[in-house]
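For reference, the structure discussed in these notes is given below.
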Amino acid sequence: MFLIALKMLLGDRSKYWMLVGGLAFSSLLMTQQYFVFQGLLSWTTSHMRNMRASIWVVESRVDQVNETKAMRDTDVNRVRSVDGVDFAVPLFQGVLKARTADGADKMIQMIGLHSGTLYGRPPRMIEGDITQIRLPNSVIIDTLAAETNRLGAGLGRPLRIGDTFEINDREARVVGICQTERHFFGYPYVFSTYDQALQYAPRQRKMLSMILAEPKPGSDVAEVARRIAAETGLRAYTVPQLEKSTLRWVWTNTGIPISFLTTIILGFVVGVAVSGQTFYSFVLENLRNLGALKAMGAGNGLLAGMLLLQSVTVGLIGFGIGIGLTALFGLTVAKGGQPPFKMEALFLFQALAAVILICALAALFGIRRVAKLEPAIVFRG
Amino acid sequence: MEAAAISARAVVKSFGVGDARTLALKGADFRAVEGELHLIVGPSGCGKTTLLSVLAGTLECDQGEVSVLGTRITALSNAEVTRFRRGHIGFIFQQFNLIPTLSLLENVSVPLLLQGAGRREAEAKAAERLAQVGLSGRERQRPSQLSGGQQQRVAIARALVHEPRLVICDEPTSALDSVTGHQIMDLLSGAARAPGRCVLIVTHDPRIYGYADRISEMEDGRVTAVHSGESLSSFIHAATRS
Ligand SMILES: Nc1ncnc2c1ncn2[C@@H]1O[C@H](COP(=O)(O)OP(=O)(O)OP(=O)(O)O)[C@@H](O)[C@H]1O
Ligand SMILES: [Mg+2]
């Protein structure tokens, strides 16, 4: 009988495609939006993957990685003296204006690394040698910065090693190009040493943005971070802590999650509305057939099972198409990371569950209608 | 005396409530025996379809007792009546009610599939039945490719495929022309010859009275007369002359 159920549905081409289309759209909307959202969220913590450190020490009011409140230079030594800290180094982090060859101003994310250790250096160099930033007026830029429409502007080509540009009227010579994960603000990274970064940045009383610390081998990172915070009055985060805190900050302080969630919920609602409506009218149109089946001895349970099978089948097909389109989007439109796109297996299952829920809801209306159906209606003209 | 296929006593059925309430059956008694083709006739609105629905177990009556093939269906639960219909009753409807998106073969296999038969077995039997109603070679066609008479023949094949002991038909010929109607009735009266089977037909159509072994006449919610043997011939004579 279940094969019969599927044939009944497949026989109604227009309803079938309407259902599959509605559910595919709904699946596409939910997953595509969620993955873009995840991509966007991952941008908010990309600092932590571009400047890897075990412990991030910040001013006591800072609760996310993209925010800086300057600390005193002496704070570095206070952190160093905490028991369990192997070493601690200063880090400058700030958005500065760079001037390109054609005189245009471009915003950059300036990072100043501790000259001795270069702790916090980008994970992957594409060209050049990171240690060269110790030379006067030398910087390493990321591939985004090198682009023709970023710091390469005016040259008509991407920036290369040996090219120069200006940061705050000071010359910056490119000595290397690195790969970074894109940052939420959209500004390219420029790395230099801490001391040079201070030269590039407008002079202020306090310039230290963050302190990166490494615990002694064998000691517990979280415990060392807790001790740093307790002894210095600064905030010290482990990587997972800072990630969590940053994401929480995004959730509570920006409209991004709400707007994405709204779209995702809308996708769900549209799915329920379209498929519920279509499926119900499919059931209504088939009421005589269902009544005939009922007269011939099909019980409510069997008919419910048939309807459920029909709706879940279109659900799975629609979901497959929707996911396919989402993947296609990820592989084409979002290929260059713009918009950000981050697939997550778990959400695929959640979206699948949502689609099955949609189908179950859609079938439910039909099932209720059929349960109340008097098989005797088939005798009426 | 022949074994009763159906016996119903004092069946009452009303529709609606309050002012809209209509009493469709007002204490109808009915009896049909095995091996006969039994017609229920009467003026429009007298309750024929309602009685047939109650006898077939597709409609619950308000009062009265109905036994079908030795089972008191009025005492059964909903699920039990459904199972009973599945096992013992074949249905033929005025509007044929074939499922348009299924092939003839699939349509005819439905009663067997409902009984839990495998698809292969069901389709083999269905093909046999289709051949018996003169439709072999058209198993893969859709109902819409057939004329009304052919569709009704498919419906007969479907009603008989699981060899039910009771076959219920509401106005099986009223949507058909006279020649086709007679072909359909030939098939149905042939079916009534199967041992232990009863074919029960509601009709308006005096042209088919001649096929009946027995005719129950209804009026205003009751069975008012039953004709068989001698009285049947004179009833048919009177009905077809007028
Ligand atoms: N589902 C229903 N709801 C309300 N009234 C109904 C319903 N079914 C039948 N009736 C009423 O019950 C009475 C008997 O109807 P029924 O259909 O049994 O008559 P019938 O003899 O089959 O008529 P016809 O020859 O026109 O088919 C009629 O007055 C009809 O209007
Ligand atoms: Mg009727």
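Results, tabulated for the structure shown:
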{"quantity": "In degrees, nearest ten, helix A:13-44 long axis to first principal axis of chain A (Cα)", "calculated": "20"}
{"quantity": "Crossing angle, helix A:345-372 versus chain A [Cα axis fit, 0-90 degrees, rounded to tens]", "calculated": "20"}
{"quantity": "Residues listed by number, segment A:3-22, amide nitrogen under 13 Å from B:ARG120 label point at 7 Å toward C-beta", "calculated": "none"}
{"quantity": "Between 0 and 90°, nearest 10: helix A:256-285 axis offset from chain A longest Cα axis", "calculated": "10"}
{"quantity": "R0 of 41 Å, Cβ-Cβ distance B:VAL12-B:ASP186: FRET efficiency to nearest 0.05", "calculated": "0.65"}
{"quantity": "Loop-located trypsin sites (Lys or Arg not before Pro) in segment A:27-133 whose Cβ has at most 16 other Cβ within 10 Å (DSSP)", "calculated": "A:ARG52, A:ARG61, A:LYS69, A:ARG72"}
{"quantity": "GNM flexibility winner over chain B from B:GLY190, B:GLY16, B:GLY149 (Cα, springs under 10 Å)", "calculated": "B:GLY16"}
{"quantity": "For segment A:72-233, size of Cβ-based charge dipole, Lys and Arg +1, Asp and Glu -1, in debye", "calculated": "280"}
{"quantity": "Solvent-accessible heavy-atom area per residue, rounded to whole Å², over the protein assembly as shown at 1.4 Å", "calculated": "43"}
{"quantity": "Net dipole in debye of the protein assembly as shown [+1 Lys, Arg Cβ; -1 Asp, Glu Cβ; about Cα centre; nearest 20]", "calculated": "700"}
{"quantity": "Fraction of accessible area attributable to carbon and sulfur, segment A:225-359 (%, probe 1.4 Å)", "calculated": "72"}
{"quantity": "Positive dipole terminus of segment A:72-233, leading residue within A:ALA98, A:VAL190, A:PHE87 (C-beta point charges)", "calculated": "A:ALA98"}
{"quantity": "A:ASP86/A:TRP17 FRET efficiency (R0 60 Å; Cβ-Cβ; nearest 0.05)", "calculated": "0.40"}
{"quantity": "Segment A:72-233: relative contact order as a whole-number percent, Cα under 8 Å and 6+ apart", "calculated": "35"}
{"quantity": "Inter-centroid distance (Cα atoms) of segment A:225-283 relative to segment A:325-374, Å", "calculated": "18"}
{"quantity": "Gain in span if fully extended, A:LEU316 to A:PHE185, counting 0.36 nm per residue against the direct Cα distance", "calculated": "43.3 nm"}
{"quantity": "CD proxy at 222 nm, helix term only [per DSSP H run n ≥ 4: -39500 (n - 2.57); per residue of chain A; nearest 500]", "calculated": "-16500 deg cm²/dmol"}
{"quantity": "Around A:LEU242: net Lys/Arg minus Asp/Glu count, Cβ-Cβ under 14 Å", "calculated": "+2"}
{"quantity": "Where trypsin sites (Lys or Arg not before Pro) fall in DSSP loop in segment B:1-61, at most 10 other Cβ within 10 Å", "calculated": "B:ARG21"}
{"quantity": "Amide N of segment A:181-196 lying under 18 Å from the label point, which is placed 7 angstrom from the Cα of A:LEU155 along Cα→Cβ", "calculated": "A:188-192"}
{"quantity": "Within chain B, helix-based [θ] at 222 nm, where runs of 4 or more DSSP H residues each add -39,500 (n - 2.57), nearest 500", "calculated": "-11000 deg cm²/dmol"}
{"quantity": "Computed Kirkwood radius, in angstrom, where 1/r is averaged over Cα pairs of chain A", "calculated": "24.6"}
{"quantity": "Shape category assigned to segment A:195-287 from the gyration tensor of Cα positions, a/c cut at 1.5", "calculated": "prolate"}
{"quantity": "Segment A:273-381, relative contact order [Cα under 8 Å, separation at least 6], %", "calculated": "59"}
{"quantity": "Gyration tensor verdict on segment B:14-80 (Cα atoms; rounded if a/c is under 1.5, prolate if a/b is larger than b/c, oblate otherwise)", "calculated": "oblate"}
{"quantity": "Sites A:ARG49 and B:SER77 - FRET efficiency at Förster radius 60 Å, r taken between beta-carbons, to 0.05", "calculated": "0.35"}
{"quantity": "Nearby lysines by direct alpha-carbon distance to A:LYS206 (threshold 16 angstrom, same-chain neighbours under 8 apart not counted)", "calculated": "A:LYS69"}
{"quantity": "Over 28 Å between alpha carbons, listed pairs A:LYS372/B:LYS13; A:LYS216/A:LYS244; A:LYS372/B:LYS48; A:LYS7/B:LYS125; A:LYS7/B:LYS13", "calculated": "A:LYS7/B:LYS13"}
{"quantity": "Most fluctuating residue given options B:CYS169, B:CYS61, B:CYS198, as computed from a GNM of chain B linking Cα atoms under 10 Å", "calculated": "B:CYS61"}
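The values are calculated or read from the model by the stated rules, or taken from the named source; none is laboratory data. Quantities reported herein were computed from a predicted structural model and do not represent experimental measurements. Glycine gets a Cβ as well: all are built from the backbone with ideal geometry, and neighbour counts include every protein chain shown. Remember, those area values only see protein heavy atoms, side chains included, never the ligands or the DNA or RNA. Shrake-Rupley method; radii C 1.70, N 1.55, O 1.52, S 1.80 Å.
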